[in-house]
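The values are calculated or read from the model by the stated rules, or taken from the named source; none is laboratory data. This structure is a prediction, so every number in the text was calculated from the model and none was measured. We place every Cβ from the backbone using ideal geometry, glycine too, and count neighbours over all the protein chains shown. Heavy atoms of the whole protein, side chains included, go into the accessibility calculation; ligands, DNA and RNA do not. Shrake-Rupley method; radii C 1.70, N 1.55, O 1.52, S 1.80 Å.
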Amino acid sequence: MRILFVTTEHPGNLYGGLGTFTREYVRELRKYADVKCVYFHLQDTPLPEPDLTVDYVIAPEHIFEAFSPEARILEVASSFRSQLEPILKSFRPDVIHCNDRQTYLPFRFEKNVFYSSHLIFTDLLTSNTMNDLYFQEVKVERCALENAGVVGAYSDFSAKSVLKVAGGHCSPVVLPLGLKVEKFYSNKRKNRKDGILNVSYFGRFEDVQKGVNDFIFAVNQLGPKFKERNKVRYHLYGKGFLDPSLNLSLFEKPQFLEGNELYDAYADADIVVMPSRYEPFGLTGLEAMASGALLLVTGGLGMDMYAEPGRNCLRLPNNPHEMATTIRDAVLDYDKYSLLQDNAVSTAREWTWERCVKSHLYIYRQIAQNRISQISSAYRMEEREVLDSYRKSNDVEKIHCAEMERISASCILEQIHDDISKKKILVITGNYEPEDVYFGKNVRFISVLNDSKEGIAVRLECLPFKNDEFDEVVVAGAWETVLDPCGALMELERISKSSVLVLYKRGQPYSWQTFQMENERDWKLINNSKWTCDFKNSINLGETVPYGAVIYKHSRHKEEVVNENFA
């Protein structure tokens, strides 16, 4: 697969999420695909040379005398496009990945564009700061969100912002980011021997989004006696402007750190306070977890993708008074939170660049195969709501669901045991995933309620398999999550050579269930293909299993009897 990756953030920019993303992502992506990285140079500085990450460096040529913001933006886009033409003709990319809004316009009329939205522009602004140039930037961003083939976001919070800006005219796919976990380590046991407790803030010195002033106010509220009595050191690591009126007498000197010095600071941080008011993802929190720090983090933002209060972090209130109380309790009870810190390290280890790249490849392949409509159907925002409903449901319901899926799948596969060695079978479940290869190498299980190894949930409306890849497909516990029944059935029939067996929940629905289909007419209505529909009111799974069944059989096999034991 050929990927053209386009960015305006140079990978040499160590401070900043987009530079890190460009550098680490492109390097990992090159292990799996043919990649050309293009850097658009928009700064008034000398052009950097191509390097190990960047293949082409392009700067706009100003020929037309443009004065209005619209004219300048369009002239830059036109200049970039003309310089890109030779690259596009020779490389012929399967997918064009535009990594921020200023990269999109040169590819406005390409159909194979993946647009990654790391930071919604309007979230950074208030009406008081809007001017003519900013209004044009908003228009460019909205154009990208509404017209790109696929939009990728990196948290549920960010995806909601995307939908707000785009007016619901896109289906953002939520994908995982990555982290170089091996760079992070811990000195915390050494600190505790010395009786020192380091409470640290990492990030830009900015209050509207980052809430750094709230942290400073909270520390000052705790006062010098609390600091001395508990041997606490307060640190501010970052870059930016701190209001001279702020009282920093309780803090060590603010510092900006990069490279190994930054990793050392994380290693020494016992508690990391992240008081953000706006974060599309919040990589700082994940870095704190990777270093084994006790993370105090605000909720309802991008950090919710990895931060689970009570399991791997503590919830931080968003006002200075309550924040001071939380910090105080974390300091006094620090030694009681070792389990949370261990869980935090385990969580961070899952967020690898390999997983990040593989999740993007999952989407790239659909784009390259002209399956953008299937992605839009499968990954609209309602899909995240289904997953959220499942995650918030009680454990008893989840366990019961998984057990019913296990019993159902086992019974079906036992009934066709003689055929398993001769056929390739796919079993799609809700949340049941066998831990071993008990069913044999010809049987594959996937879950639609748990993220795959690639970090993205598989959806029935957009299955990552080839046409006729399986002899038979069995659905047990997954149909209850569909958003588009017709599209889901078409996908199931597409990947199966002969038959599709769907087990559907009867009676009391699951709390996350989207459709309740128990009528034969419903199942026949959604089948618009040449497959025949054989509705079963009962199935031999035992009296305790609340499933009915429907079999879709390809017309080329209509004379064959498909698994008599199903009836």
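Some points to look at:
- Within the range 156-173, considering residues that are open to solvent by less than 10 Å² (accessible area, probe 1.4 Å) and out of contact with any Pro (no Cβ under 6 Å at 6 or more places or on another chain), the one farthest from E28 (Cα to Cα): A166
- The one condition in (1) part of a loop (DSSP other than H, G, I, E, B); (2) surrounded by 14 or more Cβ atoms within 10 Å (Cβ to Cβ); (3) touching a Lys or Arg at 6+ places or on another chain (Cβ under 9 Å) that F5 fails to fulfil: (1)
- Considering residues of the range 231-250 that are of a type outside the set (V, I, T) and under 12 Å from L197 (Cβ atoms) only, the residue surrounded by the fewest Cβ atoms within 10 Å (Cβ to Cβ): K231
- Residue within the range 298-312 that is on the phi > 0 side of the Ramachandran plot and in contact (Cβ under 8 Å) with a residue 40 or more places away in the chain present: yes
- Number of the exception - S511 against (1) part of a helix (DSSP H, G or I); (2) surrounded by fewer than 18 Cβ atoms within 10 Å (Cβ to Cβ): (1)
- Matching residues in the range 231-263 - criterion: being among the hydroxyl-bearing types (S, T, Y) and in a loop (DSSP other than H, G, I, E, B): S245, S249
- Scanning the range 60-93 for residues that are open to solvent by 50 Å² or more (accessible area, probe 1.4 Å) and among the charged types (D, E, K, R) yields E61, E65, E70, R72, R81, E85, K89, R92.
- Test result for C462, surrounded by fewer than 16 Cβ atoms within 10 Å (Cβ to Cβ), among the hydrophobic types (A, V, I, L, M, F, W, C) and in contact (Cβ under 8 Å) with a residue 12 or more places away in the chain: no
- Where P50 falls short, out of the listed (1) surrounded by fewer than 16 Cβ atoms within 10 Å (Cβ to Cβ); (2) closer than 21 Å to F114 by Cα: (2)
- Of the numbered criteria (1) of a type in the set (V, I, T); (2) open to solvent by 70 Å² or more (accessible area, probe 1.4 Å); (3) in contact with an Asp or Glu (Cβ under 8 Å, 6 or more places away or on another chain), the one V57 fails is (2).
- Set side by side, the residues L52, L47, L88, L84 differ, and just one is part of a loop (DSSP other than H, G, I, E, B), out of contact with any strand residue (DSSP E or B) (no Cβ under 6 Å at 6 or more places or on another chain) and not basic (K, R), which is L52.
- Selection within the range 305-348 - of a type in the set (D, E) and not in a helix (DSSP H, G or I): E308, D333
- When T53, T45 are checked against the criterion of being touching a residue at least 12 places away in the same chain (Cβ under 8 Å) and hydroxyl-bearing (S, T, Y), T53 stands alone in meeting it.
- The range 326-351, subset open to solvent by less than 50 Å² (accessible area, probe 1.4 Å) and polar (S, T, N, Q), residue farthest from N198 (Cα to Cα): T347
- Tally, over the range 205-222, of residues that are assigned to a loop (DSSP other than H, G, I, E, B) and open to solvent by less than 20 Å² (accessible area, probe 1.4 Å): 1
- Yes/no for K505 being at pLDDT below 90 and open to solvent by 40 Å² or more (accessible area, probe 1.4 Å): no
- Test for E322: is it among the acidic types (D, E), more than 27 Å from V95 (Cβ to Cβ) and modelled with pLDDT of 95 or more: yes
- Of all residues making up the range 276-297, the number that are open to solvent by 10 Å² or more (accessible area, probe 1.4 Å) and either in contact with a Cys (Cβ under 8 Å, 6 or more places away or on another chain) or free of Cβ contacts under 8 Å to residues at least 24 places away in the same chain (or both): 0
- Number of the exception - E228 against (1) modelled with pLDDT of 90 or more; (2) assigned to a loop (DSSP other than H, G, I, E, B); (3) surrounded by fewer than 13 Cβ atoms within 10 Å (Cβ to Cβ): (2)
- Some residue of the range 456-467 being more than 23 Å from the chain's Cα centre (by Cα), over 24 Å from A368 (Cβ atoms) and not basic (K, R): no
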